[in-house]
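Comments concern the structure below.
The values are calculated or read from the model by the stated rules, or taken from the named source; none is laboratory data. No experiment lies behind these values; they were computed from the predicted model shown. All Cβ positions, glycine included, derive from the backbone under ideal geometry; neighbour counts span all protein chains shown. What goes into the accessible areas is simple: the full protein's heavy atoms, side chains included, and nothing from ligands, DNA or RNA. Shrake-Rupley method; radii C 1.70, N 1.55, O 1.52, S 1.80 Å.
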Amino acid sequence: MTVYQGCGLHIDGEWRETASGGGIAVVDPVNEDVLGTIPRAGAAELDAALGAVARMAPVWGGTPGWQRSAVLREIAHRMAERAEPAVRDMSLETGKPLAEARGEWQAAVEQFDWYADEARRIFGHSLAGREPGVRLDVHYAPVGPVAAFTAWNFPALLPARKVAAALAAGCTVIVKPSEEAPSGMAHIARCAVDAGLPDGVLNMVLGDPAEISAHLIASPVIRKVSLTGSVAVGRLLMEQSARGLKKVSMELGGHAPVLVYPDADPVKVGGICAATKFRNAGQVCISPTRFYVHEDIYQPFAEAMARVAGTVTLGRGTDEGVQMGPMANARGRDRVAALVRDALDRGAELLAGGAIPKDRNGGFFFEPTVLGRVPREAAILHEEPFGPVAPIVPFRDHDEVIRLANDSGFGLAGYVFSGSLATANRAAEALEVGMVGINDMLLAAAEVPFGGVKDSGFGREGGRLGILEYLEAKYVKTRCA
Ligand code: NAD
């Protein structure tokens, strides 16, 4: 039986199950039933959240890093203890298999654990002055209240990356997770309350995304805007932020090329690529998205991918043995269907899948799909499919494949497979992306910087760099005598 709790808004330490804007249905992606209803914040709730982050900014920002660190560590502990209810809710909302939701929750725990350390390691630098007795010091201070917006595909990890770094830096936060998958963030907020985070430091709102972003970003209280989402929404939030000259981080869409050189093992690499491609039904910003495979090994690679695609078990994410759930929503499924149709119309070969499964009555399922010899003008090679489709394109030489790989507005991740590290490093240097995997596709981790270039945005989350997005440098000159 499906037991779904839903969640309320969390404002100034209080949970609000109803709000002035009414309610919003959360839809079950497996059968399109209503899972539950969440409150829709109106101006009253947004103003209450703004009041809370403004009031608590000097309090939390003035709390010593060692104390902030202890609270963050405790949040990580509480999250680790309470994984299962969160994992289940995330699976119900997004359709992702439980094993994937568990992996995501653990990655979210690691963000808090990592930033618990970073909170104690905020240090500036000092320089000698040009004259005797003059000292030049650079300190870091929290940027101020943050408005954070996140997508539904990783409903715990995406907000965790922002919230953990912001809290470590000493910022107060209003986070708006996706209304399609709000529970992950609500579970994090409950852990934060129980870990002793003072009321009003972390707030969570839900509602009409456009209304919320317009209201929050227009407020002089908000000093920093951080989004994980699509390029289109990124542009919109940038425009809104420009008016108030707010510091901005943008984690936007991706269209990761995969370069498979002729000295790679095509069957092994084809298997790795397929397993990675169909994770989270392809709804991953760094999902491998265009497969450029050398003509000499094209055939065995394509066969290996198609073979794996044909064995993926579809179903409800919470059911035993399910490897791929539905897509999260109808707009995603319809976008993928249209891109597959376009590629086939232009002459691509259908090697696996290609349709909405016939044995599914409702829900947002799409078959794991492999397209061969996809023509370069096919839309799927240029637009983000964000779904379980793998287009494969043969190539002949290094310069050609680098040109093809960089012929994209996106620049988030890229992957290179080669038996020669010299070849792989040459390709990695040439790729216009923020992250490269060489003979490996698992890029994301708490200890490394995650982010893109070009239309994929700017700013980094995680690693040593992530906390800088929430800090401002202040320079002090002291004449000692
Ligand atoms: P989206 O841009 O539609 O939504 C992202 C967030 O912005 C959500 O909270 C949403 O409610 C909010 N939003 C939507 N419309 C808005 C508006 N008009 N004003 C203000 N906020 C608005 O993206 P999505 O469909 O939820 O997620 C998929 C996209 O996110 C893909 O492009 C994917 O690549 C990207 N993504 C990027 C990363 C990354 O780290 N770079 C990670 C995951 C997802």
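Being at pLDDT below 95, open to solvent by 50 Å² or more (accessible area, probe 1.4 Å) and within 26 Å of the chain's Cα centre (by Cα) is the filter here; which residues of region 4-32 pass it?
Gln5
Any residue at all in region 375-392 that's within 16 Å of the ligand (Cβ to nearest atom) and charged (D, E, K, R)?
Checking region 375-392: at least one residue is within 16 Å of the ligand (Cβ to nearest atom) and charged (D, E, K, R).
Would it be correct to say that Leu344 is in a helix (DSSP H, G or I), more than 28 Å from Gly452 (Cβ to Cβ) and without any contact (Cβ under 8 Å) to a residue 60 or more places away in the chain?
Working: in a helix (DSSP H, G or I): yes; more than 28 Å from Gly452 (Cβ to Cβ): yes; without any contact (Cβ under 8 Å) to a residue 60 or more places away in the chain: yes.
Taking the combined requirement at face value, the residue satisfies it.
Take the conditions part of a helix (DSSP H, G or I) and either surrounded by 23 or more Cβ atoms within 10 Å (Cβ to Cβ) or within 15 Å of the ligand (Cβ to nearest atom) (or both) and apply them to Ala107. Does it pass? Show your work before the answer.
Values: part of a helix (DSSP H, G or I): yes; either surrounded by 23 or more Cβ atoms within 10 Å (Cβ to Cβ) or within 15 Å of the ligand (Cβ to nearest atom) (or both): yes.
Judged against the criteria, Ala107 is a match.
Applying the selection to region 1-51, what residues are part of a helix (DSSP H, G or I) and among the aliphatic types (A, V, I, L, M)? Please lay out each step first, then the result.
Here is the first cut: in region 1-51, the residues part of a helix (DSSP H, G or I) are 43-51.
If the condition is that a residue be part of a helix (DSSP H, G or I) and among the aliphatic types (A, V, I, L, M), then Ala43, Ala44, Leu46, Ala48, Ala49, Leu50 are the ones that fit.
Report yes if some residue within region 77-93 is assigned by TED's automatic domain parsing to the domain that holds Ala107, more than 22 Å from the chain's Cα centre (by Cα) and hydrophobic (A, V, I, L, M, F, W, C); otherwise report no.
Checking region 77-93: not a single residue is assigned by TED's automatic domain parsing to the domain that holds Ala107, more than 22 Å from the chain's Cα centre (by Cα) and hydrophobic (A, V, I, L, M, F, W, C).
Quick check: is even one residue across region 205-214 at pLDDT 95 or above, open to solvent by 20 Å² or more (accessible area, probe 1.4 Å) and among the acidic types (Asp, Glu)? Explain how you work it out, then say what you get.
Filtering region 205-214 for residues at pLDDT 95 or above gives 205-214.
Now drop any that are not open to solvent by 20 Å² or more (accessible area, probe 1.4 Å), which leaves 208-211, 214.
Those left that are additionally among the acidic types (Asp, Glu): 208, 211.
Checked against the condition, which is being at pLDDT 95 or above, open to solvent by 20 Å² or more (accessible area, probe 1.4 Å) and among the acidic types (Asp, Glu), region 205-214 yields at least one hit.
If you go through region 424-439, how many residues are in contact (Cβ under 8 Å) with a residue 12 or more places away in the chain, open to solvent by 40 Å² or more (accessible area, probe 1.4 Å) and either more than 21 Å from Ala274 (Cα to Cα) or not β-branched (Val, Ile, Thr) (or both)? Steps first, answer last, please.
The first filter runs over region 424-439 and keeps only residues in contact (Cβ under 8 Å) with a residue 12 or more places away in the chain, leaving 424-428, 430-439.
Now drop any that are not open to solvent by 40 Å² or more (accessible area, probe 1.4 Å), which leaves 425-426, 432, 436, 438-439.
Right, trim to either more than 21 Å from Ala274 (Cα to Cα) or not β-branched (Val, Ile, Thr) (or both) and you get 425-426, 432, 439.
Result for region 424-439: 4.
Tell me which residues, restricted to region 146-196, are farther than 17 Å from Pro209 by Cβ, within 17 Å of the chain's Cα centre (by Cα) and among the β-branched types (Val, Ile, Thr).
Val163, Ile188 - these are the residues of region 146-196 that are farther than 17 Å from Pro209 by Cβ, within 17 Å of the chain's Cα centre (by Cα) and among the β-branched types (Val, Ile, Thr).
Only strands (runs of 3 or more DSSP E) wholly contained in region 371-481 count here; list those with 2 or more residues that are acidic (Asp, Glu). Give the derivation first.
Working: elements: 389-395, 413-417, 435-438, 471-479.
Counting at least 2 such residues, we get no strands (runs of 3 or more DSSP E) at all.
Does Gly282 satisfy the condition of being buried (at least 23 other Cβ atoms within 10 Å of the Cβ), closer than 23 Å to Arg102 by Cβ and either touching a Lys or Arg at 6+ places or on another chain (Cβ under 7 Å) or not β-branched (Val, Ile, Thr) (or both)?
Working: buried (at least 23 other Cβ atoms within 10 Å of the Cβ): yes; closer than 23 Å to Arg102 by Cβ: yes; either touching a Lys or Arg at 6+ places or on another chain (Cβ under 7 Å) or not β-branched (Val, Ile, Thr) (or both): yes.
Here the answer is yes, as Gly282 does meet what is asked.
Condition check: surrounded by fewer than 19 Cβ atoms within 10 Å (Cβ to Cβ), farther than 27 Å from Leu245 by Cβ, over 17 Å from the mean Cα position of the chain (by Cα) and of a type in the set (A, V, I, L, M, F, W, C). Does Ala128 satisfy that? Give the derivation first.
On the way: surrounded by fewer than 19 Cβ atoms within 10 Å (Cβ to Cβ): yes; farther than 27 Å from Leu245 by Cβ: yes; over 17 Å from the mean Cα position of the chain (by Cα): yes; of a type in the set (A, V, I, L, M, F, W, C): yes.
Answer is yes for this residue.
Which one of these is within 14 Å of the ligand (Cβ to nearest atom), touching an Asp or Glu at 6+ places or on another chain (Cβ under 8 Å), in contact (Cβ under 8 Å) with a residue 60 or more places away in the chain and open to solvent by less than 30 Å² (accessible area, probe 1.4 Å): Ala148, Ala195, Ala181?
Working: Ala148 fails: touching an Asp or Glu at 6+ places or on another chain (Cβ under 8 Å); Ala195 fails: within 14 Å of the ligand (Cβ to nearest atom).
So the residue among Ala148, Ala195, Ala181 that is within 14 Å of the ligand (Cβ to nearest atom), touching an Asp or Glu at 6+ places or on another chain (Cβ under 8 Å), in contact (Cβ under 8 Å) with a residue 60 or more places away in the chain and open to solvent by less than 30 Å² (accessible area, probe 1.4 Å) is Ala181.
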